[in-house]
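> Please find one structure pasted underneath; my questions will follow.
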Amino acid sequence: MTERLYYHDSALLEFDARIVATGNNDKSYYTVLDCTAFYPTSGGQLYDTGELGGIEIEEVIESDDGEIWHLSCEPTGEVGQILHGVVNHQRRMANCQKHTAQHILSQAFVRLFGFETVSVHLGEEYAAIELNELSVTNKQWRKAEDVSNNIVFENHRVVVKFLEGEELTDIPLRKKPNREGPLRIVNVGDFDYSACGGTHCRSTAEVGIIKIIGTEKMRGHTLVKFLVGVQALKDYNRHFEITACLSREMTCSADDLVEKVGKLIVDNKKFRGQVGQLQKELLPIRVQALVNTARQFGKHNVILAVIHDLDSKLTSSLAIQVATQINGVSFLLIDGRLIVAKAPECGLHAGKFVKQLGAECGLKGGGNEHLAQLGGADESFFEQYETVIERLVANE
């Protein structure tokens with residue numbers, strides 16, 4: 001069985017090891033070593049990457065029999081060969097920050113509100129804990145965030161010990177383990193004690209900062225998403241740039257942005273209502289302008305047009321009125337939707353027609369006898385649509 005060097009030293013990034021087994025599957029080669037500092041995906045934490053004998057290690061997994069497989073696109077060597085391994089420092093540090101932060105945040109929710117963590121996700125884009133609570137308020141998670149960051153800033157040591165039996169009696173574990181025998185205990189100062197096999201920071205100061213970015217309901221529980229360390233800093237910089245840009249455009253300070261944008265939203269709704277009313281009043285003029293462009297495909301009068309300045313509801317009304325005026329069928333394209341309307345006396349069935357048209361043009365949609373539409377239409381292909389429409393309508 002491979003000796004897991006990261007159990008004893010999460011900061012170990014280089015090591016030498018002997019190959020004890022190799023193999024391959026459909027996608028990659030795998031290497032098994034007598035010892036490794038590479039962490040395999042486990043317990044919600046992502047795998048390490050790096051190099052083994054100069055060959056890039058793209059993923060690390062644990063096999064069904066408990067061996068650690070180092071996956072690569074090419075063989076790393078032969079059984080018995082000694083290789084030098086190098087773990088990617090940036091990825092390892094990010095994983096350590098997330099995992100240590102998770103322990104701190106989980107304990108904060110327990111101490112403050114009695115909310116227990118039932119699952120963990122330490123992903124690429126964000127980290128998250130699933131709490132056994134249906135609802136977590138903004139006030140609650142902000143309090144947990146404050147307590148967690150105080151622990152970070154106090155620079156507590158993170159210590160790893162292997163304990164068993166009576167040695168565990170006086171250890172206030174946050175969650176009782178399901179198995180017996182020696183346990184790897186990670187304690188964050190005197191704040192949190194947890195049985196854990198993951199990699200961690202050497203002190204809470206290395207976490208940097210913990211920033212909760214949102215919550216969502218999941219399976220009757222609450223998922224709390226957070227960012228840590230460098231990832232949190234990058235997110236702050238992104239939001240800072242957005243805020244600074246908006247402040248310049250709105251000619252106001254960041255503190256006044258919410259009020260000013262709120263006023264813009266109110267004004268925009270008012271103006272949109274006024275524009276909508278004007279468009280309704282001008283609709284008869286639009287109808288007549290389109291009627292003047294009518295053509296005949298076979299025995300049917302047809303209008304085809306691209307509309308840019310109406311909403312879909314008004315465009316549907318326009319399509320119906322135009323089709324009625326010419327006693328035929330209209331095809332109006334707006335915002336990726338091709339709206340089809342036909343006059344009551346027109347023999348063409350709009351719903352059935354769009355199925356034929358959609359099948360030939362790679363579009364999907366539906367409707368009833370008088371009004372139907374297709375989604376995913378591209379204005380740049382309008383001439384191609386027109387060619388297909390002319391042929392299909394002429395055959396009706």
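> Mind checking which residues of the stretch 121-130 are touching a helix residue (DSSP H, G or I) at 6+ places or on another chain (Cβ under 6 Å) and within 12 Å of Val224 (Cβ to Cβ)?
Ala127, Ile129
> Additional query: Which of the following residues is among the polar types (S, T, N, Q) and touching a residue at least 24 places away in the same chain (Cβ under 8 Å): Gln90, Gln97?
Of Gln90, Gln97, the one residue that is among the polar types (S, T, N, Q) and touching a residue at least 24 places away in the same chain (Cβ under 8 Å) is Gln97.
> Then there is this: Considering each residue of the stretch 176-196, count those that are within 34 Å of the chain's Cα centre (by Cα) and surrounded by 15 or more Cβ atoms within 10 Å (Cβ to Cβ), and give that number.
Residues that pass the stated criteria total 12.
> Output the number of residues of the stretch 357-384 satisfying the condition of being surrounded by 14 or more Cβ atoms within 10 Å (Cβ to Cβ) and over 35 Å from the mean Cα position of the chain (by Cα).
Number satisfying all stated conditions: 3.
> Continuing with this model, one more query. Pairs please, first residue from the stretch 224-251 and assigned by TED's automatic domain parsing to the domain that holds Asn149, second anywhere and of a type in the set (D, E, K, R) and outside any strand (DSSP E or B), Cβ atoms under 7 Å, 6+ apart in sequence or on different chains.
Cβ pairs passing all conditions: Leu227/Asp235; Val228/Lys98.
> Does Val306 qualify as being in contact with an Asp or Glu (Cβ under 8 Å, 6 or more places away or on another chain) and hydrophobic (A, V, I, L, M, F, W, C)?
Yes.
> Moving on. I'd like the full set of residues that are loosely packed, with under 15 Cβ neighbours inside 10 Å and part of a strand (DSSP E or B), limited to the stretch 4-42.
Glu14, Asp16, Arg18, Ala21, Gly23, Asn24, Ser42
> Follow-up. Looking at Gly273, Gly262, Gly181, Gly198, which is the one that is in contact (Cβ under 8 Å) with a residue 24 or more places away in the chain and either in contact with a Cys (Cβ under 9 Å, 6 or more places away or on another chain) or not hydroxyl-bearing (Ser, Thr, Tyr) (or both)?
Going through Gly273, Gly262, Gly181, Gly198 in turn, just one is in contact (Cβ under 8 Å) with a residue 24 or more places away in the chain and either in contact with a Cys (Cβ under 9 Å, 6 or more places away or on another chain) or not hydroxyl-bearing (Ser, Thr, Tyr) (or both): Gly198.
> Of everything in the stretch 64-92, what is more than 19 Å from Tyr29 (Cα to Cα), touching an Asp or Glu at 6+ places or on another chain (Cβ under 8 Å) and of a type outside the set (S, T, N, Q)? Give them in sequence order.
Scanning the stretch 64-92 gives Arg91, Arg92.
> Which of (1) touching a helix residue (DSSP H, G or I) at 6+ places or on another chain (Cβ under 6 Å); (2) surrounded by fewer than 20 Cβ atoms within 10 Å (Cβ to Cβ) does His200 not meet, given it meets every other one?
(2)
> Exactly one of these conditions fails for Gly123: (1) surrounded by 14 or more Cβ atoms within 10 Å (Cβ to Cβ); (2) farther than 22 Å from Lys139 by Cα; (3) not hydroxyl-bearing (Ser, Thr, Tyr). Give me its number.
With respect to (1) surrounded by 14 or more Cβ atoms within 10 Å (Cβ to Cβ); (2) farther than 22 Å from Lys139 by Cα; (3) not hydroxyl-bearing (Ser, Thr, Tyr), Gly123 is out only on (1).
> From the list Ile285, Ile265, which residue is within 30 Å of Ile326 (Cβ to Cβ), at pLDDT 90 or above and aliphatic (A, V, I, L, M)?
Checking each option against the conditions leaves just Ile285.
> Return the residues of the stretch 75-103 that are over 14 Å from Thr36 (Cβ atoms), among the β-branched types (Val, Ile, Thr) and crowded, with 19+ Cβ neighbours inside 10 Å; say none if nothing qualifies.
Residue satisfying the conditions is Thr100 alone.
> If you don't mind, another one. Tell me which residues, restricted to the stretch 54-74, are part of a loop (DSSP other than H, G, I, E, B) and either closer than 12 Å to Leu33 by Cα or not assigned by TED's automatic domain parsing to the domain that holds Asn24 (or both).
Selection gives Glu67 alone.
The values are calculated or read from the model by the stated rules, or taken from the named source; none is laboratory data. Computed from a predicted structure; not experimentally measured. Neighbour counts are summed over all protein chains in view; Cβ atoms, including those assigned to glycine, are modelled from backbone coordinates with ideal geometry.
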